[in-house]
Amino acid sequence: MNIQGQAALVTGGGSGLGEATARELARLGAKVAVLDLNMDNAERVAKDIGGLAVKCNVSDPDSMQQAIEAAAAAHGPARILMQIAGIGSAKRVVGKDGNAAPLEDFTKVINVNLIGTYNAARLFSAACAKLEPMEDGARGVMVFTASVAAFDGQVGQQAYSASKAGVVGMTLPMARDLAQHGIRVCTIAPGLFKTPLMETLPEPIQQSLGASIPFPARLGKPSEFAELACHIVTNNHLNGEVIRLDGALRMAPR
């Protein structure tokens, strides 16, 4: 799919990997709707790229549907969904106090990362399936965000790893399901990236984490994630695939 002139939705587009992806889509000529809970961030990015800022909670059906409709009213129906919104968590099953981890902590991460991804995908797909087909019968493409934690999660990452493994497991069956509508589905599983969250850590820790990556021995750049996400859109034969973007990193237990 040629990105030029297409309407695109980027969830979590106000910062980090989402911001980089929104900027790259705009650079390639897309009409970008920046969907985020943090409207200050969303408006900052949207202003820079000439896009639209929309407040959106991906795990809330009404909020996601309203965001899709608001973006369509401004840019026309979207054919591209970059589902990047997500949260992290680190909580041992049994804490130092001997008590079990609160169930609500696990539930919250699953609700945002996994159920939120499915919610965004189902609503986007329903709208996209009504559009006229293009080359090869294509109607749209979705790129999900997992994590290397889906494959080698660390101590305390039960909720995060489970949520991202769920996204990985959903990718192929969803691609098969939506093939009849000409909608492709792929997932990127990033490793350690220099995002605003990472930058809250002391510089020596960031350098140490970067040095743990085989090659290149540095933290990933958000622009590298964005470039891959956009390549998936343009390569019509990429479908049902999960791509690790991690410099050959395999996470240690802790």
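The values are calculated or read from the model by the stated rules, or taken from the named source; none is laboratory data. Note that the structure is predicted; figures quoted are calculated from it, not measured. Heads up, the Cβs are rebuilt from the backbone with ideal geometry, glycines too, and the neighbour counts pull from every protein chain shown.
Tabulated values for the structure
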item: Close pairs from the stretch 70-99: first without any contact (Cβ under 8 Å) to a residue 12 or more places away in the chain, partner surrounded by 15 or more Cβ atoms within 10 Å (Cβ to Cβ) and assigned to a loop (DSSP other than H, G, I, E, B), Cβ under 8 Å, at least 6 apart; result: 94/101; 95/101
item: Helices (runs of 4 or more DSSP H) within the stretch 109-207 that include 2 or more residues among the aromatic types (Phe, Trp, Tyr); result: 116-128
item: Given (1) surrounded by fewer than 15 Cβ atoms within 10 Å (Cβ to Cβ); (2) touching a residue at least 12 places away in the same chain (Cβ under 8 Å); (3) within 20 Å of the chain's Cα centre (by Cα); (4) under 30 Å from residue 2 (Cβ atoms), index of the condition residue 137 fails; result: (3)
item: Verdict on residue 96 being in contact with a Phe, Trp or Tyr (Cβ under 9 Å, 6 or more places away or on another chain) and either charged (D, E, K, R) or more than 24 Å from residue 242 (Cα to Cα) (or both); result: no
item: Sole residue being buried (at least 22 other Cβ atoms within 10 Å of the Cβ), in contact (Cβ under 8 Å) with a residue 12 or more places away in the chain and of a type in the set (A, V, I, L, M, F, W, C), chosen from 226, 175; result: 226
item: Output for the stretch 88-108, where each listed residue is part of a loop (DSSP other than H, G, I, E, B) and either at pLDDT 95 or above or within 17 Å of the chain's Cα centre (by Cα) (or both); result: 88, 89
item: Among the residues listed as 208, 212, the single one being farther than 28 Å from residue 134 by Cβ, among the hydroxyl-bearing types (Ser, Thr, Tyr) and touching a residue at least 12 places away in the same chain (Cβ under 8 Å); result: 212
